[in-house]
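Before any comments, here is the structure.
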Amino acid sequence: MDWQEFGQWGRRVADWAQDYHLTVAERPVRAQTRPGEILNALPETPPEEPQDLIDVFADFERIVMPGITHWQHPRFFAYFPSNAAPPSVLAEFLVSAIAPQCMLWQTSPAATEMETRMMDWLRQAVGLPDGFAGVIQDSASTATLAAVLTMRERALGWNGNAEGLAGKAPLRVYASSEVHTSIDRAIWISGIGQENLVRIPIRGENRGMDPAALDAAIRADKAAGMVPVGVILCVGGTGTGATDPVAQVMELAERHGLYTHVDAAWAGSAMICPEFRDLWAGVEQADSVVLNPHKWLGVQFDCSAHFLRNPDELVRTLAISPEYLKTHGAEGIVNYSEWSIPLGRRFRALKIWFLIRAYGLEGLRARIRNHVAWSRALHDRVAAMPGFQIVTPPMWSLWTFRFAPEGAGDPDALNLALVNAINDDGRIYLTQTRVDGKLAIRFQVGQFDTTEADVMMAGDVIAEIAAGLRP
Ligand SMILES: *Cc1c(COP(=O)(O)O)cnc(C)c1O
């Protein structure tokens, strides 16, 4: 294949994508394949001779599509959303054609300057104060790792990269029991060590860390000769939407001189609606904040926005500038590869530009507001269904429930059976979590094209399938 033929195939792909999105609701949400089915359908050895793209395309439909779980299905209520609004898909198509590598300003000035401007648009959109600077990371996990490395270096007088951690007093990082596993991995990779990730107990309906317990833990560690370095806060945790009391934790961290990183990977997108910001009030004191516009805002996966109060600390931690990467003669330029762990960087800002211009912030807010309202309406309905219990209340558009009819046996086994039966049915897709050790079923709304009818259909499906499992 050459570029002469590309246009014809590109038009075919565009038509395919449109048709896919217009009809995806007719497919089962979760892939209905068995492990190994796709692998076995793929030849064990690569072809020696060129094959016709017509055949490749046909095999894509025949082999690949049945093995896809449809994240763009309007009745995807599992995990958190991972969106692909059409203008951001177009931008991604353009980027894949240009394929620029955006490690330095000079390796793609437009990508760098677009990233600077888009991160500032997003900063304003979510209500972070002037002065925060943003960078696009490849994932929230990477942003959290970068923040943990920065808190480590700051506490070690910027000598940790050079000297390593051997022989030093233990560095201590604090987080609640509700934070995402990416926090554990950042602690492992940074060399701080799992034993030095201090879990602060949670309290109250928001399942946030107890500030008094945080204060006591920091004081005890200092008294024991250890070195507190930072706090990782959770705003909208993955299991139940757990949210720390941000302002109180910020105040304590400030008093003890600790670096603060806020993981708002999912809930951060909702902050474009001012009425949802009360749950992260105090965030303006944070050193570092991450949110994933691909999760709920609508940006095509992947896109993680990392905001920093003082980006110089991040650059001091991560920048290496060998001679061959220097941009000579240009003043005031930004080389974003000094802000991130990988050197090579994709041009991700273009899809934010297309998305925000195509819908305006008002169009994006309307969707998030609808998702929250519809999710709460379904919550009220499930709360009133006989045999159902609400386990955790709505945090933005996420809440959890349990099916516990009278006379039922082991509640964990019953709820696992329910969630599996729902996902085998295919009309909707849900996932489970554990709340205080017990199984609960999660429900969240956030797919870009979801309608109120889709959300209400989820209520019908849950009731119908649970009826078959009643004792
Ligand atoms: C999704 C999520 C993450 C992980 O995000 P990645 O971009 O996949 O690394 C981390 N924290 C929270 C709260 C999340 O919801």
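Of the listed requirements (1) within 26 Å of Lys295 (Cα to Cα); (2) modelled with pLDDT of 95 or more; (3) in contact with a Lys or Arg (Cβ under 8 Å, 6 or more places away or on another chain); (4) not acidic (Asp, Glu), Leu156 misses just one: (1).
If you go through the stretch 277-293 and pick out every residue that is more than 13 Å from the ligand (Cβ to nearest atom) and either free of Cβ contacts under 8 Å to residues at least 12 places away in the same chain or under 20 Å from Tyr359 (Cα atoms) (or both), you end up with 1. I'd like to check something: does the stretch 426-443 contain any residue that is among the hydroxyl-bearing types (Ser, Thr, Tyr), touching a strand residue (DSSP E or B) at 6+ places or on another chain (Cβ under 6 Å) and crowded, with 21+ Cβ neighbours inside 10 Å? Checking the stretch 426-443: at least one residue is among the hydroxyl-bearing types (Ser, Thr, Tyr), touching a strand residue (DSSP E or B) at 6+ places or on another chain (Cβ under 6 Å) and crowded, with 21+ Cβ neighbours inside 10 Å. If we scan the stretch 116-129, do we find a residue that is over 24 Å from Ser340 (Cβ atoms) and touching a helix residue (DSSP H, G or I) at 6+ places or on another chain (Cβ under 8 Å)? Yes: the stretch 116-129 contains one or more residues that are over 24 Å from Ser340 (Cβ atoms) and touching a helix residue (DSSP H, G or I) at 6+ places or on another chain (Cβ under 8 Å). In the set (1) over 30 Å from Phe401 (Cβ atoms); (2) part of a loop (DSSP other than H, G, I, E, B); (3) hydrophobic (A, V, I, L, M, F, W, C), Leu314 fails one condition alone, (2).
Note on the stretch 129-147: among residues that are assigned to a helix (DSSP H, G or I) and surrounded by fewer than 24 Cβ atoms within 10 Å (Cβ to Cβ), the one that is nearest to the ligand (Cβ to nearest atom) is Ser141.
Considering only the stretch 294-318, how many residues are free of Cβ contacts under 8 Å to residues at least 24 places away in the same chain and surrounded by 24 or more Cβ atoms within 10 Å (Cβ to Cβ)?
At the first step, the residues of the stretch 294-318 found to be free of Cβ contacts under 8 Å to residues at least 24 places away in the same chain are 310, 312.
If we keep only those that are surrounded by 24 or more Cβ atoms within 10 Å (Cβ to Cβ) too, we end up with none.
Counting residues in the stretch 294-318 that are free of Cβ contacts under 8 Å to residues at least 24 places away in the same chain and surrounded by 24 or more Cβ atoms within 10 Å (Cβ to Cβ) gives 0.
Does the stretch 148-163 contain at least one residue that is without any contact (Cβ under 8 Å) to a residue 40 or more places away in the chain and within 16 Å of the ligand (Cβ to nearest atom)? It would help to see each step written out before you state the result.
Restricting attention to the stretch 148-163, the residues satisfying the condition of being without any contact (Cβ under 8 Å) to a residue 40 or more places away in the chain are 156-157, 159-160, 162-163.
With the extra rule that they be within 16 Å of the ligand (Cβ to nearest atom), the set shrinks to none.
Taking every residue of the stretch 148-163 in turn, none turns out to be without any contact (Cβ under 8 Å) to a residue 40 or more places away in the chain and within 16 Å of the ligand (Cβ to nearest atom).
Of all residues in the stretch 72-119, those satisfying the criterion of being in a helix (DSSP H, G or I) and under 21 Å from Phe307 (Cα atoms) are Pro109, Ala110, Ala111, Thr112, Glu113, Met114, Glu115, Thr116, Arg117, Met118, Met119.
Restricting to the stretch 34-51, give me the number of residues that are over 12 Å from Pro66 (Cα atoms) and among the β-branched types (Val, Ile, Thr).
Step one: of the stretch 34-51, the residues over 12 Å from Pro66 (Cα atoms) are 35-36, 39-40, 42-51.
From what is left, the residues that are among the β-branched types (Val, Ile, Thr) are 45.
So the answer is 1.
Taking the criterion of being within 16 Å of the ligand (Cβ to nearest atom), more than 17 Å from Asp244 (Cβ to Cβ) and surrounded by 21 or more Cβ atoms within 10 Å (Cβ to Cβ), the only residue of the stretch 188-218 that qualifies is Ser190. Among the residues of the stretch 294-311, those that are within 11 Å of the ligand (Cβ to nearest atom) and of a type outside the set (A, V, I, L, M) comprise His294, Lys295, Trp296, Phe301, Asp302, Cys303, Ser304, His306. The set of residues in the stretch 273-305 being basic (Lys, Arg) and under 30 Å from Ser96 (Cβ atoms) consists of Lys295 alone. Among the residues of the stretch 265-276, are any more than 16 Å from the ligand (Cβ to nearest atom) and surrounded by fewer than 17 Cβ atoms within 10 Å (Cβ to Cβ)? The answer is yes, given that some residue of the stretch 265-276 is more than 16 Å from the ligand (Cβ to nearest atom) and surrounded by fewer than 17 Cβ atoms within 10 Å (Cβ to Cβ). Looking for something of a type in the set (Phe, Trp, Tyr), more than 30 Å from Phe401 (Cβ to Cβ), touching a helix residue (DSSP H, G or I) at 6+ places or on another chain (Cβ under 9 Å) and not in a helix (DSSP H, G or I) - is there at least one such residue anywhere in the stretch 348-362? No: zero hits. Residue check: is Gly241 within 16 Å of the ligand (Cβ to nearest atom), under 19 Å from the mean Cα position of the chain (by Cα) and on the phi > 0 side of the Ramachandran plot? Against the criterion (within 16 Å of the ligand (Cβ to nearest atom), under 19 Å from the mean Cα position of the chain (by Cα) and on the phi > 0 side of the Ramachandran plot), Gly241 qualifies.
The values are calculated or read from the model by the stated rules, or taken from the named source; none is laboratory data. All values derive from a computational prediction rather than experimental measurement. Methodologically, a virtual Cβ is constructed for each residue, glycine included, from the backbone with ideal geometry; neighbour enumeration extends over all protein chains shown.
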